[in-house]
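Comments concern the structure below.
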Amino acid sequence: MFKRRNPPRHPPDRRLVLGGLAACAIAPRGFAQAPARPIPVTPTLSLSARTIAARLDGSSQAESTLFRLLREPTLAAGSVTSPENTMLRLRPGTEAALAVSNQLGQPLALGLRGLRSTITAEKPVLAGGESGLIGLPARQSGSFLLHPMTPGFASEQTGRGLPTLLVIEEATPPPVDDDLPLLVSDWRLDERGVLESEFGDVRDAARLGRLGNRLVVNGQAAPMVRVVRPGARVRLRIANAAMARVIPLHVSGLSARVIAIDSTPCQPFDPLQRTVTLAPGTRCEVIVDMPVEAGKEARVEARFATPAPLFVFRTDGEPLPSRGPVAALPDPGLPPAIRLQDALRVDLTITGGISRAADAALEAVRRQAAGLEAYRQAFPDPRRVFSINGGAAGDRPGEPPGPPLLRARKGRVVVMALRNQTDWAQVIGMAGHSFRLLHPYDDGWEPYFLDTLYLAPGAVARVAFIADQTGRHAIRSTIADHADAGVSTHFEVA
């Protein structure tokens, strides 16, 4: 998680917790929040979901098929390597829209993680060749992840690179010298350097999800290199768009201050050991200051056993003057505090998947036909590899929504206990609301809002939020293979 270098000495009163953040989704039926009425909009961004061919390994002559959300005027320049094709920008304070054309040859539904507004869509799921208009009230500034949520297809669409950063700028942005996207993911390449096409494999779903073997940043193999002026201040908008990989991001040779997490501003803080850990679907914004001397190199790297550089900065030219302390972003206008003692309390318990002992026994044949057959026998229905609350609350791809995890009146305080009783890490994302991560015994909370939470095997965590957005809201894994394999439910606010 995000750890402050200097956490507050005194936690807040155990009875109080901030809450009330709405995250919205353009989702398949059963997941989208029910709007009161459509918002009249004028298209401002025309996007086309398309396939492109690219060579992903410099030593390979073979091409792979990737998916991209490309702006219509720049289709001809649909480069794999252009950061502009991984970030869309809108001005604040206007009623906007995304006009989406689906040219993938498979159904498409999109989710937008982090926005606190109702979104409407004429067609929640677009068939191949269809187009739809997505209303987008751009009254909230921040960095949001536009990502596929298509039942049965989200795994492939994520793995082939469809996720995109959407930025709604502040009316008065903080003073910086550069504003860069850092959309991090990974590819699973075969020995020829070609993207492996076995998406939705039950062998991945029953374990960690699909892990790649090549890190990717902004649609190209890492690292990316950028030349900047000495002393430059750079705003990094970072999102983990990987299918399953948790990425500890470390800044080397830079000072860093976190200013927003999961699309919500926070008080700027210096992350512990200059590292933030991003689970799939997580976003954060970081202000970094470059070295003041020319000829220096600084890095943003994945802090694995062997650090892997993602973004490399090199200083050149005349130094820029210091900009002073990093200021906080505008107040997001969240409620000040709520009482926890009268909260509606509910458990969400995840079970299932293959045990580590059984997985170890299949290690020698996992990637062979015999291993696949063994997994298929263990999990004859790939939509029921995992279950929530023993199957009492769960949504399955292609089926009507099941019973809700909970029903709450608008304005009710909810404390949810999340229990991972599987042998594998789980990552849970909540639509419609953001939450505070509570300390044990409800005696405090982390000093920022989240809408995505990493749960280690066997872990229990408690979160609190105000159920202030009416409708049906998804709670599902941000690991696409797990979401399609049963880690998906919803709650209702009336």
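Would you pick out the residues in region 435-460 that are over 18 Å from residue 350 (Cβ atoms) and either outside the structural domain of residue 422 (by TED's automatic domain parsing) or not hydrophobic (A, V, I, L, M, F, W, C) (or both)?
Here is the first cut: in region 435-460, the residues over 18 Å from residue 350 (Cβ atoms) are 436, 438-449.
Residues satisfying the conditions are 436, 439, 440, 441, 442, 443, 444, 446, 447, 448.
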Q | Condition met for residue 445 (of a type outside the set (Lys, Arg) and modelled with pLDDT under 95) | A | yes
Q: State yes or no: is residue 281 assigned to a loop (DSSP other than H, G, I, E, B) and either in contact (Cβ under 8 Å) with a residue 60 or more places away in the chain or touching a Ser or Thr at 6+ places or on another chain (Cβ under 7 Å) (or both)?
A: yes
Q) When you scan region 451-471, how many residues do you find that are within 23 Å of residue 155 (Cα to Cα) and modelled with pLDDT under 95? A) 1
Q | Filtered residues of region 422-459 (kept if farther than 18 Å from residue 244 by Cβ, of a type outside the set (S, T, N, Q) and in a strand (DSSP E or B)) | A | 430, 435, 436, 437, 438, 445, 450
Q. Any idea which residue in region 102-152 is modelled with the lowest pLDDT, counting only those that are assigned to a strand (DSSP E or B) and surrounded by fewer than 19 Cβ atoms within 10 Å (Cβ to Cβ)?
A. 133
Q. If residue 337 satisfies every condition in (1) touching a residue at least 24 places away in the same chain (Cβ under 8 Å); (2) among the small types (Gly, Ala, Ser); (3) closer than 20 Å to residue 152 by Cβ but one, which is the exception?
A. (3)
Q. Could you list, in sequence order, the residues of region 476-485 that are modelled with pLDDT of 95 or more and assigned to a strand (DSSP E or B)?
A. 477
Q) For region 446-489, what are the residues that are of a type outside the set (A, V, I, L, M, F, W, C) and closer than 15 Å to residue 406 by Cα? A) 468, 469, 470, 471, 472, 473, 476, 488, 489
Q) Can you tell me which residues in region 308-331 are out of contact with any Leu (no Cβ under 6 Å at 6 or more places or on another chain), surrounded by 13 or more Cβ atoms within 10 Å (Cβ to Cβ), of a type outside the set (Phe, Trp, Tyr) and over 28 Å from residue 447 (Cβ atoms)? A) 309, 312, 314, 315, 319, 320
Q) Of the residues 215, 211, which is within 22 Å of the chain's Cα centre (by Cα), hydrophobic (A, V, I, L, M, F, W, C) and either in the same structural domain as residue 116 (by TED's automatic domain parsing) or part of a loop (DSSP other than H, G, I, E, B) (or both)? A) 211
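What tally of residues in region 332-352 results from selecting those that are of a type in the set (S, T, N, Q) and modelled with pLDDT of 90 or more?
2
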Q: State which residue is farthest from the chain's Cα centre (by Cα) when the search covers only region 219-245 and only residues that are surrounded by 19 or more Cβ atoms within 10 Å (Cβ to Cβ) and of a type in the set (Val, Ile, Thr).
A: 228
(Q) Under 6 Å between Cβ atoms, which residue pairs at least 6 apart in sequence (or on different chains) link something in region 285-306 that is in contact (Cβ under 8 Å) with a residue 40 or more places away in the chain with a partner that is surrounded by 14 or more Cβ atoms within 10 Å (Cβ to Cβ) and among the basic types (Lys, Arg)? (A) 285/237; 287/235; 287/257; 289/233; 297/314
Q) Are there any pairs with C-beta distances below 7 angstrom linking a residue in region 159-182 that is farther than 22 Å from residue 328 by Cβ and assigned by TED's automatic domain parsing to the domain that holds residue 90 to a residue that is assigned to a loop (DSSP other than H, G, I, E, B) and not hydroxyl-bearing (Ser, Thr, Tyr), with the two at least 6 apart or on different chains, and if so which? A) 159/199; 159/210; 159/243; 161/219; 163/241
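The values are calculated or read from the model by the stated rules, or taken from the named source; none is laboratory data. It should be emphasised that the depicted structure is a prediction, and the values quoted were computed from it without experimental measurement. Please note: Cβ atoms are built from the backbone with ideal geometry, for glycine as well, and neighbour counts cover all protein chains shown.
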